[in-house]
Structure formats: C-alpha cells, structure tokens
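Each remark here refers to the structure printed beneath this line.
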Amino acid sequence: MEWGNYSMYADFLLLGLFSDNDFPWLLFALILFVFVISIASNTIMIILIHIDSRLHTPMYYLLSQLSLMDILYISTIVPKMLVDQILGQRAISFAGCTAQHFLYLTLAGAEFFLLGLMSYDRYVAICNPLRYPVLMSRKVCMLIVLAAWLGGSIDGFLLTPVTMQFPFCASREINHFFCEVPALLKLSCTDTSTYETAMYVCCIMMLLIPFSVISASYTRILITVYGMSEAEGRRKAVATCSSHMVVVSLFYGAAMYTYVLPHSYHTPNKDKAVSAFYTILTPLLNPLIYSLRNKDVTGALQKALGKYLSSGSVSTF
C-alpha cells in the first residue's frame, strides 16, 4: 500500500537510547549488565519455586508466572537494541515492529492483570487464612494465570492491528528504542486523535480494574492487620504485602505516565527514560524485591547453593 511517496510496509528507524548519550558504550554495558542479571535472577526464582517444596504455594506459583513474564518482556526489547548498537544499525522491518508491538502490549497487559489478581491472594491469606486452601486452590491459581494471559493477549490483538494499519510517512524515524504506541502514532500521516482517545479509555480501564481489585483487597488487609494482637503476625503480613505494593507502584506509575498523562507532560527524552525504567529496570527489580524481603526465598536459595556446593566438594574426591 502506498500513501503519497511512502510505502506503508517500509522499514522503520529506531533512534534508540544511545544516539543522545555522550557515553553510548558505557550505557550499553550498563544495559547489558541489567539484562543479564534480570534474566538470571528471574530464572533462579522460577527454578527455586519449582524445586523447593516449601515454595509450592499459590503465592509463589503466581510469582513464578510474574518472573516468566519479566523474562519474555525484557527479551522482547533489549536484545535487538543491544545487537543494533554492536552492528551500527537502526532499522526494524514493518513485520518486526508489528511483532515487537504485539508482544510488548501482550506481556505488559498480562503483568498488569497478574499484579492486580495477586492482591486477591494476599487478601485471602491474611483475611481468610482458614479458607485459603479452598479459595486459592490449584484450579483458582490456574484461572488467575489464564485470566492474566488472556487479558494481555486481548490487549495486544485489539491495539496492534489498529495501530499498524495507519499510513506512516514523514522520516519513519521512531524517536524511541522500541515500537511503542505513542512514538509510532507520531509518524502517522492521518489524524489519530479518535484512536488515541479510545486507547486512552482502554488504558484507563486496564489500570482501573486491577487497581480497584488492589485497593479493595488492601483496604480489607489493613483493617485485618490493624486488629491483629500478635506483633509477629502483623510484621509478617506487612512485609509480604509491602513487597507487592512496591512492585505495583513502580509498574503502574510508569504506565500511567506513558498512557494517561496529557501530551503536554511528555518529551521524547522523558518518554524514553520512563519506558527504559519499566521495560528494563522493572524486570530486574521484581525478583530482587521479592527475594531480598522474603525469608522463604532466601532460605530456598541457601539450601540450593548448599546442595550444589556439597555435591561439588564430593565430586572432587
């Protein structure tokens, strides 16, 4: 399809994070380090939850899904960015941009819904501990995970075809490091205001529904914790919930800036900085927040390392 002198299916150019940086290779090394640690830490979380029987609980099953989403999420964006910097190229094909756009929306949407539904697990564990095995059965956990992945997939399937059907012209230079919706729409030859309004409403709903579940759950949790007589039980409940709230605040806050705040608050550099935070740093922070503040995870890690070291010592004889 042609629009003026421009082909709808021509390649795009990603200006990236490195073009405006005075020390591009230092930034490259930092992002590579974050990427490797993110993949390693999330993989370790998944393995620990799988091999340690003490972690075979609904909460940790949901955490393993969060780690899986983070691995896929950061792998959708960062490897191409790093390879392009090494090879000195910036082009991304129309098909590649579409695929990246779809995967990003799907994985981000799935994480939104999962973080919201995880608050229900905390609510049941603290407010209805005796009914926890029933209310958070294996079937319920599977339904929560399925709902999260399905919600993210619907988001990707709805927005990607509409975004990518617009005729793109101008220089086809995306002033971003991946094919994010706002950056793509700036290249359109036609008026996208109606679609942007619809997308704004959609994003509000995607934020509002999980946020409502989180707010309702944590309101009940706070009331229950306030009424606890045991200081140890109160401390454990607050520690568990605070980890989840930190992750929610980081992820939801960055998304609200990108998709909810008016255009007057946005600049290309700010957009790239905020996007880098929730696409590159958040997958690193999630496992660290949950593991460093969780004695069960640190205990499982020490146990696994102890077994590995002891087996290594035995094999040397």
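The values are calculated or read from the model by the stated rules, or taken from the named source; none is laboratory data. In this text, all values refer to a predicted model and were calculated from it rather than measured experimentally. Positions of Cβ are backbone-derived with ideal geometry, glycine not excepted, and every protein chain shown enters the neighbour counts. Areas reflect the complete protein model, heavy atoms only, side chains present, ligands, DNA and RNA absent. Shrake-Rupley method; radii C 1.70, N 1.55, O 1.52, S 1.80 Å.
With contacts defined as alpha carbon pairs under 8 Å and 6 or more residues apart, what's the relative contact order of segment 1-139 in percent?
30
Which value in Å does the Kirkwood hydrodynamic radius of segment 107-202 take, with 1/r averaged over all unlike C-alpha pairs and then inverted?
Answer for segment 107-202: a Kirkwood hydrodynamic radius of 16.0 Å.
How fast does segment 12-300 diffuse by Stokes-Einstein, in µm²/s, taking the Kirkwood radius from C-alpha pairs at 20 °C and 1.002 mPa s?
106
If each residue of separation counts as 0.36 nm, what is the full-extension length gain between residue 303 and residue 153 once their alpha-carbon separation is subtracted? Mind dumping the intermediate values first?
Working: separation 150, 0.36 × 150 = 54.00 nm, distance 3.72 nm.
Length gained between residue 303 and residue 153: 50.3 nm.
Relative to the first principal axis of the alpha-carbon coordinates of the chain, what is the inclination of helix 193-226, with its axis defined by its Cα atoms, in degrees from 0 to 90 and to the nearest 10?
Here the helix axis deviates by roughly 10 degrees.
For an R0 of 30 angstrom, estimate the FRET efficiency from the Cβ-Cβ distance between residue 198 and residue 245 and round to the nearest 0.05. Show your work: numbers first, answer last.
Values: r = 30 Å, r/R0 = 1.02.
Efficiency at R0 = 30 Å is approximately 0.50.
Determine which lysines satisfy two conditions relative to residue 272: a Cα distance under 24 Å, and not lying fewer than 8 residues away in the same chain.
Within the straight-line cut-off, residue 272 pairs with 80, 186.
Just the accessible area per residue of segment 31-144, please: how many Å² with a 1.4 Å probe?
On the way: 4840 Å² over 114 residues.
I get 42 Å² per residue for segment 31-144.
Pairing the Cα long axis of helix 295-315 with the longest principal axis of the chain, what angle in degrees results, from 0 to 90 and rounded to the nearest 10?
That helix lies at roughly 90 degrees to the long axis.
What three numbers, in Å, describe the spread of the alpha carbons of segment 1-107 along their principal axes, ordered from the longest?
On the principal axes, segment 1-107 reaches 62, 37, 17 Å in Cα extent.
Which whole-number percent gives the relative contact order of segment 12-300, counting Cα pairs below 8 Å spaced six or more residues apart?
Working: 313 pairs, mean separation 80.8, N = 289.
Once normalised by length, the contact order is 28 percent.
Among 249, 68, 47, whose Cα projects farthest towards the positive end of the dipole of the chain, with charges put on the beta-carbon of Lys, Arg (+1) and Asp, Glu (-1)?
47
Distance from the Cα centre of segment 37-59 to that of segment 119-181, in angstrom?
Each part reduced to its Cα centre gives a spacing of 21 Å.
Considering only protein heavy atoms and a 1.4 Å probe, what is the carbon-and-sulfur percentage of the accessible area of the chain?
That fraction is 70 percent.
Assuming 0.36 nm per residue, please report the length gained on full extension of the stretch residue 25 to residue 267 beyond their Cα-Cα distance.
Computed gain between residue 25 and residue 267 is 84.7 nm.
Name the lysines eligible as straight-distance cross-link partners of residue 303: C-alpha to C-alpha under 21 Å, and not fewer than 8 places from it in the same chain.
In chain and number order, the partners are 295.
Report the FRET efficiency, 1/(1 + (r/R0)^6), for residue 310 and residue 226, where r is their Cβ-Cβ distance and R0 is 35 Å, rounded to 0.05. Before the final figure, lay out the partial values.
On the way: r = 45 Å, r/R0 = 1.29.
Calculated transfer efficiency: 0.20.
Could you calculate the contour length gain from residue 99 to residue 208, that is, 0.36 nm times the residue separation minus the distance between their Cα atoms, to one decimal place in nm?
36.6 nm is the gain from fully extending residue 99 to residue 208.
Can you tell me the mean projection area, over all orientations, of the convex hull of segment 141-258's alpha carbons? Units nm², please.
If you wrap the Cα atoms of segment 141-258 in a convex hull and average its projections, you get 9.5 nm².
Add -39500 (n - 2.57) for each DSSP H run of 4 or more in the chain, then divide by its residues: what number comes out at 222 nm, to the nearest 500 deg cm²/dmol?
Roughly -25500 deg cm²/dmol at 222 nm, from the helical runs in the chain.
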